[in-house]
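See below for the structure under consideration.
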Amino acid sequence: MLPSSSREVALLVLDVEQSSEYIREVGDTYFSNLIGTMYKRIKNHYLASDLIFLKTTGDGFLAVFHTVETAYLIASELLSNPPHDNIALRMALHWGPVKTGPD
């Protein structure tokens, strides 16, 4: 078994509400580009130096930050200025310890 440790992080999950319905309306290529736009906004954000991990989830993304303040600021910006007018975003933000491994 590989050794693990615990550390406090902010987990941010953001996704497009009713994504299946939205994909049917706009098509999967357009939807993938929309998710890519959100991903790039996080990756290139001026606070991205606080980012530990970022992964798309199909209809949004999971991001892990060192501080809850950064996660909240980035989430607030995306919620107040979504990448497209016709979508609603859902967000979950958690601060607390997580187990980490060597990978």
Checklist outcome for this item: Excluding ligands, DNA and RNA, the carbon-plus-sulfur percentage of the accessible area of region 51-99 with a 1.4 Å probe reads 54 percent
Checklist outcome for this item: Summed over the other residues with a beta carbon less than 9 angstrom from that of residue 98, with K and R at +1 and D and E at -1, the charge totals +1
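Over all distinct Cα pairs, what is the inverse of the mean 1/r for region 39-96, reported as the Kirkwood hydrodynamic radius in Å? Each step should come with its number before you reach the end.
Details: mean 1/r = 0.0843 Å⁻¹.
Computed over Cα pairs of region 39-96, the Kirkwood hydrodynamic radius comes out at 11.9 Å.
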Next on the checklist: Taking amide H atoms as placed 1.01 Å from N in the peptide plane, list the residues 5 or more away in sequence, or in a different chain, whose amide H sits under 5 Å from that of residue 67.
Outcome noted: 10
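What does the charge count around residue 67 come to, taking other residues whose C-beta lies under 11 Å from its C-beta (Lys +1, Arg +1, Asp -1, Glu -1)? Spell out each step's value before the answer.
Numbers: positive: none; negative: 8, 50, 69.
Taking every other residue near residue 67 into account, the sum is -3.
The values are calculated or read from the model by the stated rules, or taken from the named source; none is laboratory data. The structure displayed is predicted, hence computed values, not measured ones. Note that each Cβ is placed from the backbone with ideal geometry, even for glycine, and that neighbours are counted across all protein chains shown. Keep in mind that these areas ignore ligands, DNA and RNA; they rest on the heavy atoms of the full protein, side chains included. Shrake-Rupley method; radii C 1.70, N 1.55, O 1.52, S 1.80 Å.
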